[in-house]
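Notes to accompany the following structure.
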Amino acid sequence: MLSKFFSRNRSTLLAAALVSTLGAGTVQAEVDEIHFLIPGGAGGGWDGTARGVGEALTKSGLVESASYENLSGGGGGKAIAHLIEMADQSHNTLMVNSTPIVIRSLSKVFPQSFRDLTPIAAVVGDYGAFVVPTDSKYKSFTDVVKDYSENPRSVAIAGGSARGSMDHLVAAMAFKAAGGDARKLKYVAYDAGGKAMAGILSGEAHLLSTGFSEALALAEAGEVRILAITGDERSATAPDVPTLKELGYDATFVNWRGFFGAPGLPNAEADEYAATLGKMYETGEWEVVRDRNGWTEIFKPRAEFVAFLENQEEVVGNLMRELGFLK
């Protein structure tokens, strides 16, 4: 792996020499290749984040090439275990993850935590969103709350992740803020957002709890209406969608999404990945991807990311205990 690292540095030096020979205007790649490991299926938030970041990095010339691998299972634990097991051969791999790595570690869905990996950087934030099919009887989130208040089990809520996960937790927060009993929430778990979407279209569930970026793509396709988001204020990307707060429900949530390297990844390589992601923000290609997905930038590299994760572990753990997800 050290030979690969030095080889990559030689490639960077050669590229720099070529730039100086050809003159300004030639784009120099910061990294030869990134293999994105995605712990969920196609159509989910992890999938969209990895492919969006990969698109911005390659189109801007910061990375020469990107490849993608969807490895779902075990609530994300299968991909984490794979990255740990294959650490020596995975120096070019970045695994995308988000708040669920904290939630599922606390819940013991898998035995690992972010401490077993090499945190690279948090990159974007994504609000939670609640959506219904376009032909749903629910015209507002207040309509859903009314039915939930009368009979919580009459409202089936779909999510693209396991019970006790972020989609479940965000929905529980919302209905608790609306005065309901969060522990009576009827949550239908699917493996990835695309399957959860199929669940509400087929009538297996009535409401989808998902990320705002996923909800935007579905709404633009004309398949759903977004009833509310969990931001502090409305998003400029979808200005007609209200927040829970403005509807009178005191609940907000922003899910970070970021990247991890394999355990034992040398600091020099981890720093290089973090620096490359930081430079991505300055590119026009990133602006296109960011705005298309309605993402909020929350760049937190290396040590700052670790401190953020440690704080979230404490805050989310307390919330999960309050809602009955942890003892």
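Looking at segment 47-58, can you tell me whether even one residue there is of a type in the set (Lys, Arg) and either in contact (Cβ under 8 Å) with a residue 24 or more places away in the chain or in contact with a Ser or Thr (Cβ under 9 Å, 6 or more places away or on another chain) (or both)? Let's see the steps before the verdict.
Filtering segment 47-58 for residues of a type in the set (Lys, Arg) gives 51.
Keeping just the survivors that are either in contact (Cβ under 8 Å) with a residue 24 or more places away in the chain or in contact with a Ser or Thr (Cβ under 9 Å, 6 or more places away or on another chain) (or both) gives none.
Among the residues of segment 47-58, not one is of a type in the set (Lys, Arg) and either in contact (Cβ under 8 Å) with a residue 24 or more places away in the chain or in contact with a Ser or Thr (Cβ under 9 Å, 6 or more places away or on another chain) (or both), which makes the answer no.
Being more than 19 Å from THR118 (Cβ to Cβ), open to solvent by 30 Å² or more (accessible area, probe 1.4 Å), modelled with pLDDT of 95 or more and not aliphatic (A, V, I, L, M) narrows it down to one of GLU297, GLU304, GLU287, so name that one. Working first, answer last.
Numbers: GLU297 fails: modelled with pLDDT of 95 or more; GLU304 fails: more than 19 Å from THR118 (Cβ to Cβ).
Only one candidate passes the filter, namely GLU287.
For segment 126-180, name all the residues that are over 28 Å from ARG290 (Cβ atoms), in contact with a His (Cβ under 8 Å, 6 or more places away or on another chain) and among the polar types (S, T, N, Q).
Hit for segment 126-180 is SER136, nothing else.
Within segment 40-98, track down each residue that is assigned to a helix (DSSP H, G or I), among the polar types (S, T, N, Q) and within 30 Å of ALA189 (Cα to Cα).
First, pick out the residues of segment 40-98 that are assigned to a helix (DSSP H, G or I): 45-59, 74-85, 87-89.
Remaining after also requiring among the polar types (S, T, N, Q): 49, 58, 89.
Across segment 40-98, the qualifying residue is only THR49.
Anything in segment 249-265 that is surrounded by fewer than 18 Cβ atoms within 10 Å (Cβ to Cβ), farther than 13 Å from GLY125 by Cα and modelled with pLDDT under 95? List them, or say none.
ASP250 - this is the single residue of segment 249-265 that is surrounded by fewer than 18 Cβ atoms within 10 Å (Cβ to Cβ), farther than 13 Å from GLY125 by Cα and modelled with pLDDT under 95.
Looking only at segment 198-213, which residues are free of Cβ contacts under 8 Å to residues at least 12 places away in the same chain, within 25 Å of LYS146 (Cβ to Cβ) and part of a helix (DSSP H, G or I)? Quick ask: steps written out before the conclusion?
Looking only at segment 198-213, we keep the residues that are free of Cβ contacts under 8 Å to residues at least 12 places away in the same chain, and these are 198, 202-203.
Retained after the next criterion (residues that are within 25 Å of LYS146 (Cβ to Cβ)): 202-203.
The answer is SER202, and nothing else.
Inspect all residues belonging to segment 64-74 and state whether any of them is open to solvent by less than 10 Å² (accessible area, probe 1.4 Å) and either at negative phi or free of Cβ contacts under 8 Å to residues at least 24 places away in the same chain (or both).
First, pick out the residues of segment 64-74 that are open to solvent by less than 10 Å² (accessible area, probe 1.4 Å): none.
No; the residues of segment 64-74 include none that is open to solvent by less than 10 Å² (accessible area, probe 1.4 Å) and either at negative phi or free of Cβ contacts under 8 Å to residues at least 24 places away in the same chain (or both).
Considering only segment 85-93, I want to know if a residue exists there that is of a type in the set (A, V, I, L, M, F, W, C) and within 30 Å of PHE325 (Cα to Cα).
Filtering segment 85-93 for residues of a type in the set (A, V, I, L, M, F, W, C) gives 86-87.
Right, trim to within 30 Å of PHE325 (Cα to Cα) and you get none.
No, there is no match, as no residue in segment 85-93 is of a type in the set (A, V, I, L, M, F, W, C) and within 30 Å of PHE325 (Cα to Cα).
Select from segment 39-61 the residues that are of a type in the set (Asp, Glu) and open to solvent by 20 Å² or more (accessible area, probe 1.4 Å) and list them in ascending order. Talk me through it step by step, then tell me what you get.
From segment 39-61, those of a type in the set (Asp, Glu) are 47, 55; that's our starting set.
Result: GLU55, single match.
When you scan segment 214-258, how many residues do you find that are over 25 Å from LYS195 (Cα atoms) and either of a type in the set (Phe, Trp, Tyr) or in a helix (DSSP H, G or I) (or both)?
Residues flagged as over 25 Å from LYS195 (Cα atoms) and either of a type in the set (Phe, Trp, Tyr) or in a helix (DSSP H, G or I) (or both) within segment 214-258 amount to 1.
Just to be sure, is ASP167 open to solvent by 10 Å² or more (accessible area, probe 1.4 Å), closer than 18 Å to ASP191 by Cα and in a helix (DSSP H, G or I)?
Values: open to solvent by 10 Å² or more (accessible area, probe 1.4 Å): yes; closer than 18 Å to ASP191 by Cα: yes; in a helix (DSSP H, G or I): yes.
Answer is yes for this residue.
The values are calculated or read from the model by the stated rules, or taken from the named source; none is laboratory data. This structure is a prediction, so every number in the text was calculated from the model and none was measured. Reconstructed Cβ throughout: ideal geometry from the backbone, glycine too, with neighbour counts over all protein chains shown. The protein model used for the area step is the full one, side chains on, heavy atoms only, and it has no ligands, DNA or RNA in it. Shrake-Rupley method; radii C 1.70, N 1.55, O 1.52, S 1.80 Å.
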